[in-house]
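The values are calculated or read from the model by the stated rules, or taken from the named source; none is laboratory data. A quick note: this is a predicted structure, and the numbers were derived from the prediction, not measured. We place every Cβ from the backbone using ideal geometry, glycine too, and count neighbours over all the protein chains shown.
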């Protein structure tokens, strides 16, 4: 299954991460854990990553 959050949720998370200085450079769905992950890749590791469970994304709207 390839799951995607709504465009509104994706955009709001991208805006939030960018406001923290971490523009999103990679997004992926981790199906075995049912988690969607937004990541700002940094060389050398320690890349800021926001992981949100599928259940949360499906049941709680983005606050705009």
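Taking the range 1-22 on its own, how many of its residues are surrounded by 13 or more Cβ atoms within 10 Å (Cβ to Cβ) and over 21 Å from residue 61 (Cα atoms)?
The number of residues fulfilling the criteria is 1.
Restricting to the range 41-64, name every residue that is farther than 16 Å from residue 11 by Cβ and in a loop (DSSP other than H, G, I, E, B).
Within the range 41-64, 41, 42, 43, 44, 45, 46, 47, 48 meet the criteria.
Among the residues of the range 12-32, which ones are farther than 19 Å from residue 53 by Cβ and out of contact with any strand residue (DSSP E or B) (no Cβ under 9 Å at 6 or more places or on another chain)?
15, 18, 19, 20, 21, 23
Given (1) over 17 Å from residue 3 (Cα atoms); (2) at pLDDT 95 or above, where does residue 37 come up short, assuming only one miss?
In the conditions (1) over 17 Å from residue 3 (Cα atoms); (2) at pLDDT 95 or above, residue 37 misses (1) alone.
Could you list all residues from the range 12-27 that are within 11 Å of residue 38 (Cα to Cα) and touching a residue at least 40 places away in the same chain (Cβ under 8 Å)?
13, the sole residue that qualifies.
Mind counting the residues in the range 24-40 that are surrounded by 13 or more Cβ atoms within 10 Å (Cβ to Cβ) and either under 12 Å from the mean Cα position of the chain (by Cα) or outside any loop (DSSP other than H, G, I, E, B) (or both)?
Within the range 24-40, residues that are surrounded by 13 or more Cβ atoms within 10 Å (Cβ to Cβ) and either under 12 Å from the mean Cα position of the chain (by Cα) or outside any loop (DSSP other than H, G, I, E, B) (or both) number 9.
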